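Visitor: What follows is a structure written as structure tokens; I'll ask about it next.
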Amino acid sequence: MKKILQYLFEHKTLSRAQAREALVNISRGVYNESEVTSFVTVYLMRSITIDELQGFRDALLELCVGIDLRQYDAIDVVGTGGDGKNTFNISTLSCFIVAGAGRKVAKHGNYGASSVSGASNVMEQLGYRFKNDPAALAAEVETAGICFLHAPLFHPALKTVAPMRKNLGLRTFFNMLGPIVNPATPAYQLIGVYNLEMARIYQYLLQDTGKPFTIIHSLDGYDEISLTGDAKIITARGERVMTPEQLGKRAVLPEDIYGGNTVEEAAKIFLKIVRGNGTWAQNAVVIANAAMALECTGAFGSYEEAYAAAVESLESGRAHQALQTLIGLQS
């Protein structure tokens, strides 16, 4: 590792093969915590290259516990996190609206490293039991329309670096990797990113897969459709900027989508919204993100049709039913 660090400190970048090897060794515990922290810190000080990100992704996918859910044509709705905005769990809530609208979801997530409550924090608080048993996860998708894949159970490297990430409390390149290493290799992906540079990198990587994708970025810095400002929407067909009015009927204020100070508070907000009792602003933001995910699946003729389906899923109680069914399957 010392040679690699010296190389990086000289402002050089790793090849795809070098990046892959470094992360494989990290996951196998070859380096000590100080070396790994130094390695991660390099990428807090400069941008990651496409080759480096591809190499890191190669390593995680090579080492991961794979799960085959291809028969379900599932979608993952995920943000990179690390935008520092401390919103409520918008992506995870959107997943239940998508499931309630009849599309299958394979949600990949982790504990929050730089936020109060990541997807795994809130799912655990709601009573979900993490697992990597293929039969159990397939049964959840079949019955509830959604399963949750807790990243450390599938990615040994993430488990190895979890304490270091928590101690740092900063956005690292692992935030960037999460959305592109879903072990279920979903058919569709909606990915929220915290800046346009990251959006371009994901665009390059996702176009390479040939699968339908949508990348979203609120231009005021959110890694999701926040309705606090215009949002950039990027797909394989092109890109557009949409206003809060186009996406969610009207704009909201940053304080309207605040996520709370504790995991318990985040879970209360989550339950309030999924039960259909959220504020107008909370509902609008979740519906807009879910609508964009539904549009990504190609099952709707337009964003407006997808938006109507998302509204129906939340207001009819089907989104809440998806959550109740999923939690009811936990043993």
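Visitor: Taking the condition of being farther than 22 Å from residue 116 by Cα and in a helix (DSSP H, G or I), how many residues in region 285-316 meet it?
Guide: Of region 285-316, the ones farther than 22 Å from residue 116 by Cα are 287-288, 290-316.
Remaining after also requiring in a helix (DSSP H, G or I): 287-288, 290-296, 303-315.
Total meeting the criteria: 22.
Visitor: Kindly check whether there is at least one residue in region 167-188 that is within 23 Å of residue 303 (Cβ to Cβ) and open to solvent by 20 Å² or more (accessible area, probe 1.4 Å). Talk me through it step by step, then tell me what you get.
Guide: Here is the first cut: in region 167-188, the residues within 23 Å of residue 303 (Cβ to Cβ) are 179, 186-188.
The next check asks that each one be open to solvent by 20 Å² or more (accessible area, probe 1.4 Å); those that pass are 187-188.
Yes, region 167-188 contains at least one residue that is within 23 Å of residue 303 (Cβ to Cβ) and open to solvent by 20 Å² or more (accessible area, probe 1.4 Å).
Visitor: Another question, then. Among the residues of region 247-264, what is the count of those that are assigned to a helix (DSSP H, G or I), open to solvent by 20 Å² or more (accessible area, probe 1.4 Å) and in contact (Cβ under 8 Å) with a residue 12 or more places away in the chain? Give the steps one after another, and end with the answer.
Guide: Step one: of region 247-264, the residues assigned to a helix (DSSP H, G or I) are 247-248, 254-257, 263-264.
Going one step further and asking which of them are open to solvent by 20 Å² or more (accessible area, probe 1.4 Å), we end up with 254-256, 263-264.
Among the residues that remain, those that are also in contact (Cβ under 8 Å) with a residue 12 or more places away in the chain are: 254, 256, 263-264.
The qualifying residues number 4.
Visitor: Out of everything in region 292-319 that is open to solvent by less than 40 Å² (accessible area, probe 1.4 Å) and under 12 Å from residue 100 (Cα atoms), what residue ends up being farthest from the chain's Cα centre (by Cα)?
Guide: Residue satisfying both the conditions and the ranking: 317.
Visitor: Taking region 17-46, which residues are touching a Phe, Trp or Tyr at 6+ places or on another chain (Cβ under 9 Å), crowded, with 17+ Cβ neighbours inside 10 Å and either in contact (Cβ under 8 Å) with a residue 40 or more places away in the chain or β-branched (Val, Ile, Thr) (or both)?
Guide: Within region 17-46, 19, 20, 23, 26, 40, 42, 43 qualify.
Visitor: Next question. Would you call residue 53 open to solvent by 40 Å² or more (accessible area, probe 1.4 Å) and in contact with a Leu (Cβ under 8 Å, 6 or more places away or on another chain)?
Guide: Judged against the criteria, residue 53 is not a match.
Visitor: Looking at region 208-245, which of its residues are open to solvent by less than 60 Å² (accessible area, probe 1.4 Å), small (Gly, Ala, Ser) and not in a strand (DSSP E or B)?
Guide: Hits for region 208-245 are 221, 226, 229.
Visitor: If you don't mind, another one. How many residues does region 123-135 contain that are open to solvent by 30 Å² or more (accessible area, probe 1.4 Å), farther than 18 Å from residue 156 by Cβ and assigned to a helix (DSSP H, G or I)?
Guide: Residues that pass the stated criteria total 3.
Visitor: Run down 81, 112 and say which single residue is within 22 Å of residue 44 (Cα to Cα) and surrounded by 24 or more Cβ atoms within 10 Å (Cβ to Cβ). Quick ask: steps written out before the conclusion?
Guide: Details: 112 fails: surrounded by 24 or more Cβ atoms within 10 Å (Cβ to Cβ).
Result of the check over 81, 112: 81.
Visitor: Right, another one. When you scan region 144-154, do you find a residue that is over 18 Å from the mean Cα position of the chain (by Cα) and open to solvent by 20 Å² or more (accessible area, probe 1.4 Å), even just one?
Guide: no
The values are calculated or read from the model by the stated rules, or taken from the named source; none is laboratory data. Source: prediction; values computed, not measured. Counting neighbours? That spans all protein chains shown, and the Cβs are built from the backbone with ideal geometry, glycine included. For the accessible areas, the whole protein counts, side chains as well, though only heavy atoms, and no ligand, DNA or RNA atoms are used. Shrake-Rupley method; radii C 1.70, N 1.55, O 1.52, S 1.80 Å.
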